[in-house]
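Asker: Right, I'll just put the structure down here and ask away after.
Each value in this text was obtained by applying a stated rule to the coordinates, not by laboratory testing. The structure presented is a predicted model; accordingly, all values stated were derived computationally and were not measured. When we count neighbours, we look across all protein chains shown, and the Cβ atoms used for this are built from the backbone with ideal geometry, even at glycine.
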Amino acid sequence: MKVYDVIIIGSGQAGTPLAKKLADAGYKTALIEKKFIGGTCINYGCTPTKTMIASARSAWLSKNSEFLGVKSSSVFIAFDKIIARKNKIVQSFREGSESNLKKVKGLDIYFGEAVFTAPKTIRLTADGKKDIILKAEKIFINAGAKPTVPEIKGIESIKYLDSTTILDLKKIPQHLMIIGGGYIALEIGQMFRRFGSKITIIEQSVQFLSREDIDVASELKKILEDEGLNILTGAEIQDLKNNENGDITVTLRENGKKKTISGSHILLATGRTPLSKELNLEAAGVHTDERGFIKVNNKLQTNIKGIFALGDIKGGPAFTHISYNDHLVVFQNLLENKKLSIKNRMVPYCVFTDPQLGRIGITEKEAIEKGLKYKVALIKMDHVARAIETGDTRGLMKAIVDPKTKQILGAAIIGTEGGEVMTVLQMAMMGKVTYLEIRNGIFAHPTYSESLNNLFMTLD
């Protein structure tokens, strides 16, 4: 048995910085990682997908710039080079993170599978090695989640892709069918459409992007459909099977009508399942909800004193930046005697379609549900000077404001670098800057953020 002050399970965007900081603070720390340092973000999520999306955008621009006076006679997609570039960047980020961790004094890194055998005791199993027993009074679980495999008739008989395996395809799919219409589905769908695939997105909900306001969701849906993505809503899959041509056939009911679709590949993008079952949390006495997410309080503590859960495994918004903020909450409470809480914290996010959708705060429909008094500021991107000049006027800017306090309650930006413009509004919300101050502020011309002047002038 090896005894530590702290054990951290998982080297994601909470586990990695937390391990470093606790070790630097004098805690004898063990970090356990099942496979690769960096978690989902570096290895299977943000880094590889955004790298490939950049290649897809370059291909699209090459084909769609004639109106700017730039014409390309042909565009060739060297998919092997796109994958090689992605792999090189992922490896660089992963090795950089691991190298930095290995330099930290007081931090031991273990590779293998962690399983609880008691509330503060973990058995570490690694291929070809004898099991090790680790014990600590404080344990931080940052084990993450994996792609969900939905219960659909015939799914066990077909070869499907998930958000991890699709990034290692050797060839571009001829027809990629995607089950699910969330952010992962849209990013990957648009990316492969730009590489040349036919894309069909199958979404069970009647409303596309049901978390968003209808006008925002409709705007992004039109943008994607104009690029050739076929988006089905209100579509319930009844059966999956291989057909005689080697393709996959999907039988579904779309708004009550039976329909069949066949394609060369199928991607499951129906959410993520927490990696909690593998930890044997029953032995630790740690409680989970009915879906397997670890229950925590507003300070990320589980029901067992000294055991915390951070990142995707605890449920809630599954974003890298939330996982990173989780580690800040835990660290500052533990070492700086603060009383930080995850309750009511701002949750920004960006969908990396092109153009991007950046979101912060509440939507208009949430304002209605809460019975708030509000006003809506809205302009289309074809009224934004920078968008006109650069030749991409797709999208809109929308903000929800409090008419009494003049505070910004929420915003959605669809446009080139929509996430960056959203961040400007997020910082205004953090600093209690009113929309009047933004409306009358001086911003560099011509920038996208400058048009926030014009956005809030619509409230006059």
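Asker: Could you please state, rounded to a whole Å, how far the C-alpha centre of segment 417-451 is from the C-alpha centre of segment 29-64?
Answerer: Cα centres, segment 417-451 to segment 29-64: 29 Å.
Asker: Further question on the same structure: If you restrict to DSSP beta bridges whose two residues both lie in the chain, what percentage is antiparallel, to the nearest 5?
Answerer: 60
Asker: Counting other C-beta atoms within 10 Å, and keeping those with at most 10, which DSSP coil GluC sites (Glu not before Pro) do you find in segment 23-119?
Answerer: For GluC sites (Glu not before Pro) across segment 23-119 that sit outside H, G, I, E and B with at most 10 neighbouring Cβ atoms in 10 Å, the list is empty.
Asker: Right, here's the next one. Around ILE8, which amide H atoms from residues at least 5 apart in sequence, or from another chain, sit under 5 Å from its own amide H, with H modelled in the peptide plane?
Answerer: Here the answer is ALA30, LEU31, ILE32, PHE140, since their amide H atoms fall under 5 Å of that of ILE8.
Asker: Note down the relative contact order for segment 1-155 as a percent, whole number, built from C-alpha pairs under 8 angstrom at least six residues apart.
Answerer: It comes to 37 percent, rounded to a whole number.
Asker: Once both labels are modelled 7 Å past Cα along the beta-carbon direction, what's the GLU290-PHE79 spacing in nm?
Answerer: Spacing of the two 7 Å Cα→Cβ label points: 4.1 nm.
Asker: Distance in nm between label sites at GLU244 and LYS380, each 7 Å beyond Cα in the beta-carbon direction?
Answerer: Once both label points are built, they end up 4.9 nm from each other.
Asker: Which value, in debye to the nearest 20, describes the size of the charge dipole of the chain about its Cα centre when Lys and Arg Cβ atoms bear +1, Asp and Glu Cβ atoms bear -1, and nothing else is charged?
Answerer: Charge dipole, the chain, about its Cα centre: 1060 debye, nearest 20.
Asker: Just to be sure I understand: if I project the alpha-carbon convex hull of segment 304-422 onto a plane and average over all orientations, what area do I get in nm²?
Answerer: Averaged projected area of segment 304-422's Cα convex hull equals 10.0 nm².
Asker: Given H placed 1.01 Å from N in the peptide plane, which residues other than close sequence neighbours of THR273 have an amide H under 5 Å from its amide H?
Answerer: LYS146, THR148
Asker: Let me ask something additional. Return, ordered by residue number, the residues of segment 230-246 whose backbone nitrogen is under 16 Å from a label point located 7 Å along Cα→Cβ of LYS258.
Answerer: The answer is 236-241.
Asker: Evaluate the relative contact order of segment 155-270 (contact order divided by residue number), counting alpha-carbon pairs under 8 angstrom at least 6 apart; express in whole percent.
Answerer: 35
Asker: Turning to a different aspect of this structure: Just to check I understand the Karplus step: with θ = phi - 60° and J = 6.51 cos²θ - 1.76 cosθ + 1.60, what whole-Hz values come out for segment 156-165, glycine and proline as x?
Answerer: 6, 9, 10, 9, 10, 10, 10, 5, 8, 5
Asker: Also, I was wondering about something else. Let me spell out the model: positive unit charges on the Cβ of Lys and Arg, negative unit charges on the Cβ of Asp and Glu, origin at the Cα centre of segment 49-152. What dipole size does that give, in debye rounded to 20?
Answerer: 340
Asker: For segment 155-270, report the translational diffusion coefficient in µm²/s to the nearest whole number, using Stokes-Einstein at 37 °C, 0.692 mPa s, and a Kirkwood Rh over Cα pairs.
Answerer: Approximately 229 µm²/s, per Stokes-Einstein.
Asker: Measuring from centroid to centroid over Cα atoms, what is the spacing of segment 94-159 and segment 213-259 in Å?
Answerer: 36
Asker: What nm value, rounded to one decimal, do you get for the distance between ASP226 and PHE443 when each label is placed 7 Å out toward the C-beta?
Answerer: 2.1
Asker: Separate question: Please give the FRET efficiency for SER205 paired with GLU369, using the beta carbon to beta carbon distance and R0 = 22 Å, rounded to the nearest 0.05.
Answerer: Rounded to the nearest 0.05, the efficiency is 0.80.
Asker: Quick check for you: which residues of segment 13-51 have the amide N under 15 Å from the point 7 Å beyond the Cα of LEU328 toward its beta carbon?
Answerer: 13-15, 17-18
Asker: Could you compute the net charge surrounding ASP460? Neighbours are other residues with a C-beta less than 12 Å from the C-beta of ASP460; K and R count +1, D and E count -1. Please list the in-between numbers first.
Answerer: Numbers: positive: LYS375, ARG439; negative: none.
So the surrounding residues net to +2.
Asker: Another question, if that's okay. Would you order ILE214, ILE442 from fewest to most other beta-carbon atoms within 10 Å of each residue's own beta-carbon?
Answerer: Taking fewest neighbouring Cβ atoms as first place, the list is ILE442, ILE214.
Asker: Here is a further query. Please tell me the relative contact order of the chain in percent, rounded to the nearest whole number, where contacts are Cα pairs under 8 Å and at least six residues apart.
Answerer: Averaging sequence separation for qualifying contacts and normalising by length gives 14 percent for the chain.
Asker: Nearest-5 percent of antiparallel DSSP beta bridges in segment 155-270?
Answerer: Looking only at bridges with both residues in segment 155-270, the antiparallel portion is about 50 percent.
Asker: Work out from phi, with θ = phi - 60° and the Karplus expression 6.51 cos²θ - 1.76 cosθ + 1.60, the ³J(HN,Hα) of each residue of segment 303-310, listed in order in whole Hz, and give x for Gly and Pro.
Answerer: So the J values, rounded to whole Hz, are 6, 9, 4, x, 10, 10, 10, 9.
Asker: Quick one: LEU107, LEU310, LEU328, fewest Cβ neighbours within 10 Å first, how do they rank? Write down the numbers at each step before the final one.
Answerer: Values: LEU107 21, LEU310 31, LEU328 15.
In increasing order of surrounding Cβ atoms, one gets LEU328, LEU107, LEU310.
Asker: On alpha carbon coordinates alone, what is the Rg over Rh value for the chain, Rh being the Kirkwood radius?
Answerer: Radius of gyration relative to Kirkwood radius: 0.98.
Asker: Please give the contour-minus-distance gain from GLU98 to ASN453: 0.36 nm per residue of separation, less the Cα-Cα distance, rounded to one decimal in nm.
Answerer: The span from GLU98 to ASN453 would gain 123.3 nm if fully extended.
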